[in-house]
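What follows is a single structure, written as structure tokens, with notes after it.
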Amino acid sequence: MGLITDTSLAALLVLNIIFLINNVANSKFSEKGCDLYQGNWVYDDSYPLYDPSECPFIEHQFDCKKNGRPDQDYLKYKWKPNEYGCVLPRFDGVEFLRKLKGKSLIFVGDSLSLNQWQSLTCMLHVAVPHATYISERTGGLSNFTFPEYEVSLLFFRNAFLVDITKDESGRVLRLDSISTTKIWADMDIMIFDTWHWWLHTGRKQPWDLIVYGNSSFPSMDRMTAYKIALNTWATWIDSNVDPTKTRVFFQGVSPDHASRQGSSARDCVEQTQPLRNEVGPNPAERALEEVLSLMQKPVYLLNITMLSQLRIDGHPSVYGQGGHRLPDCSHWCIAGVPDIWNELLNAALD
């Protein structure tokens, strides 16, 4: 047996510390041996958490039941973690409001952020139906407040997190510029999201030119542009956020189930049951995880990608009626999948 020197003991100690730090950083629940994001969908007749008809402010495109969707099973699934003894706590709206008393929470991102924000406002409104609420919107900023609890739930639409400006060149996507931070800089809890709009081309592409540093491009590989923008956002978080005052989350990549030319993906139309087979990794989620892993400040990943990939049945499909010419296989019905995202958020806030 070889001799154990002081140097090797020190090295072993360092490795053990790094191992423990990584375990804690990788999962809020790792100290309990519990990964909430590995599991399966199970039918539970006690779901949904609320009747969508009791929430009067659901966006028309998300209100599948009101828009005539005839099947109801998509409302009845809850997420069950795989590990023995690992339970996702059922959402308690009153307790959530007490937990956030005196705080402000903001979702920053695209319409998938809107999906989750709308779900959360419904979950809370139905939990305290007699509590006064104030709903205001100014430009791209929506604010839903419960004065009794001093809780503000905001949504700021910013599909790329970085800036889009207008000049003589037209609409310019600036990958290294992020000026809207003044809107969310003072929030207690920030939840970010971006990916969906990076895929749009043709008339749906919201820019005419991409600028990065002193260079401009009529086009760029979308994954490359996405990663540059994420790093711009990450640099701002690392430079400006005080973790003792502000908690930062990233929603993760919400998958769609739209079949496209050259794709083997199944369309969401007429799907009434979750997928049962494992799905492959999402490249955008992998890119996001890589950026988050290199950050100095803690950011909690709401790792909703894999569990949402299984919910091919959870989209509005032809019951969205939100101005989509084609069936909506990107957004999610409310009530539905985003409620589970918020149950996971609630667990992470404990």
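Would a scan of the stretch 201-222 turn up a residue that is under 30 Å from V94 (Cα atoms) and either aliphatic (A, V, I, L, M) or in contact (Cβ under 8 Å) with a residue 12 or more places away in the chain (or both)? The answer is no, given that none of the residues of the stretch 201-222 is under 30 Å from V94 (Cα atoms) and either aliphatic (A, V, I, L, M) or in contact (Cβ under 8 Å) with a residue 12 or more places away in the chain (or both). Residues in the stretch 186-228 that are under 30 Å from K99 (Cβ atoms), open to solvent by 30 Å² or more (accessible area, probe 1.4 Å) and touching a Lys or Arg at 6+ places or on another chain (Cβ under 7 Å): 1 in all. Taking the stretch 298-327 as the range and being open to solvent by 50 Å² or more (accessible area, probe 1.4 Å) and modelled with pLDDT of 95 or more as the test, only P298 passes.
Checking each residue in the stretch 123-139 for being open to solvent by 30 Å² or more (accessible area, probe 1.4 Å) and either in a helix (DSSP H, G or I) or not hydroxyl-bearing (S, T, Y) (or both) picks out V126, A127, P129, H130, I134, E136, R137, G139. Of all the numbered requirements in (1) within 23 Å of V162 (Cα to Cα); (2) open to solvent by 10 Å² or more (accessible area, probe 1.4 Å), N115 misses one, and that requirement is (2).
Scanning the stretch 165-175 for residues being of a type outside the set (V, I, T) and either at pLDDT 95 or above or open to solvent by less than 40 Å² (accessible area, probe 1.4 Å) (or both) gives a total of 4. Remark: pairs (first residue in the stretch 92-109, in contact (Cβ under 8 Å) with a residue 12 or more places away in the chain and assigned to a helix (DSSP H, G or I); second residue of a type outside the set (S, T, N, Q) and open to solvent by 50 Å² or more (accessible area, probe 1.4 Å); Cβ separation under 9 Å; 6+ apart in sequence or on different chains) = L97/E148; K99/D350.
Checking the stretch 65-77 against the condition returns a match, with at least one residue being under 14 Å from V337 (Cβ atoms), outside any loop (DSSP other than H, G, I, E, B), modelled with pLDDT of 95 or more and among the hydrophobic types (A, V, I, L, M, F, W, C).
Within the stretch 25-56, the set of residues being among the small types (G, A, S), surrounded by 17 or more Cβ atoms within 10 Å (Cβ to Cβ) and at pLDDT below 90 comprises S27 only.
Are any residues in the stretch 96-110 closer than 25 Å to T180 by Cβ and open to solvent by 10 Å² or more (accessible area, probe 1.4 Å), and if so, which ones?
G102, K103, S104
Against the condition touching a Pro at 6+ places or on another chain (Cβ under 7 Å), farther than 20 Å from L36 by Cα and touching a residue at least 40 places away in the same chain (Cβ under 8 Å), how does A347 come out, does it pass? For A347, the condition - touching a Pro at 6+ places or on another chain (Cβ under 7 Å), farther than 20 Å from L36 by Cα and touching a residue at least 40 places away in the same chain (Cβ under 8 Å) - is not met. Residue count for the stretch 57-95 under the criterion of being on the phi < 0 side of the Ramachandran plot, more than 23 Å from the chain's Cα centre (by Cα) and either loosely packed, with under 12 Cβ neighbours inside 10 Å or of a type in the set (S, T, N, Q) (or both): the result is 5. At least 1 residues being at positive phi and not hydrophobic (A, V, I, L, M, F, W, C) is the threshold, and among the strands (runs of 3 or more DSSP E) wholly inside the stretch 147-198 those reaching it are 170-174.
Can you find, within the stretch 328-350, the residue that is most open to solvent (accessible area, probe 1.4 Å) among those that are in a loop (DSSP other than H, G, I, E, B) and over 24 Å from V126 (Cα atoms)?
By that ranking, first place goes to S330.
Scanning the stretch 267-313 for residues that are among the hydroxyl-bearing types (S, T, Y) and touching a residue at least 12 places away in the same chain (Cβ under 8 Å) yields T272, Y300, T305, S308.
The values are calculated or read from the model by the stated rules, or taken from the named source; none is laboratory data. Just so we're clear, the structure is a prediction, and the values are computed from it rather than from any experiment. Methodologically, a virtual Cβ is constructed for each residue, glycine included, from the backbone with ideal geometry; neighbour enumeration extends over all protein chains shown. These accessible areas exclude ligands, DNA and RNA; they are computed on the full protein's heavy atoms, side chains included. Shrake-Rupley method; radii C 1.70, N 1.55, O 1.52, S 1.80 Å.
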